[in-house]
1. Quick one: 3J(HN,Hα) in Hz for the stretch 150-155, Karplus 6.51/-1.76/1.60 with θ = phi - 60°, rounded, Gly and Pro as x.
2. With a sphere of radius 11 Å drawn around the Cβ of GLY46, what net charge do the other residues whose Cβ falls strictly inside it have (Lys, Arg +1; Asp, Glu -1)?
3. Per-residue HN-Hα couplings for the stretch 88-96, Karplus 6.51 cos²θ - 1.76 cosθ + 1.60 at θ = phi - 60°, whole Hz, x for Gly and Pro?
4. If the viscosity is 1.306 mPa s and the temperature 10 °C, what translational diffusion coefficient in µm²/s does Stokes-Einstein give for the stretch 17-60 when Rh comes from Kirkwood over Cα pairs?
5. Would you mind calculating the relative contact order of the chain from Cα pairs under 8 angstrom and at least 6 residues apart, reporting the percent as a whole number?
6. Using Cα pairs closer than 8 Å and at least 6 residues apart in sequence, work out the relative contact order for the stretch 105-153, in percent.
7. Using just the helices of the chain, give the 222 nm mean residue ellipticity in deg cm²/dmol: DSSP H runs with n ≥ 4 each add -39,500 (n - 2.57), and the total is spread over all residues, rounded to 500.
8. Between the stretch 99-141 and the stretch 30-77, how many Å separate their Cα centres?
Amino acid sequence: MPPPLIFDVAKLDPDRVLFTREQIYQRLPHRHEFKQLDGILHIEDGLAVAYRDIRSDEWWVRGHVPGRPIFPGVLMLETAAHLSAFLMRYIDEDYKGFVAFGGVDGCKFRGAVTPPSRIYMVCRQSEDRPRRITGACQAFANGEMVFEAKITGLPMSDEPSA
């Protein structure tokens, strides 16, 4: 049985985009194929809701179950991590460093996502410490929960390592 909803995405206006893809990636360093978020639809009180359009022409479609492409779970995790990092950067506007992926707990995939479709990712920040942030995340496609996990991020300095 799925856990309680963090947020009911059915209450959102999918046309009311608060942050576009370009605005999201002004705050996050990911580029090219690793831009996983297409828009932020809701953000307040340590909670954010984003969407990602799953397209038939994406780089992974050709090889991830040919003839029956399924959005890879690792990319769903990456999408959750991006939203968690964006939320942290939104809450702490003065933070200039990079938020690295630190871990995942309680991950469950509850359904397959196939192109074309849209997933809605929800993240509620549950912990914000100098050396660790965590967020409870859920994803929905076609009105069904398809993913849940607790994502841990590691705030790092903005200086790249040698």
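1. Running phi through 6.51 cos²θ - 1.76 cosθ + 1.60 with θ = phi - 60° gives 9, 9, 10, x, 10, x Hz.
2. Details: positive: ARG124; negative: GLU44, ASP45, GLU127, ASP128.
Charge balance in the 11 Å sphere: -3.
3. 3J(HN,Hα) across the stretch 88-96, in whole Hz: 4, 5, 5, 5, 10, 4, 7, 5, 10.
4. Answer from the Stokes-Einstein relation: 140 µm²/s.
5. On the way: 311 pairs, mean separation 38.5, N = 162.
With pairs under 8 Å counted, the relative contact order is 24 percent.
6. Numbers: 93 pairs, mean separation 20.7, N = 49.
Normalised by residue count, the contact order of the stretch 105-153 is 42 percent.
7. Working: 2 runs with 26 residues, N = 162.
Theoretical 222 nm ellipticity from helices: -5000 deg cm²/dmol.
8. 12 Å
No lab work stands behind these numbers, since they all come straight from the coordinates. Quick caveat, the model's predicted, so the values are computed rather than measured. For neighbour counting, all protein chains shown are included, and Cβ atoms are generated from backbone atoms with ideal geometry for every residue, glycine included.
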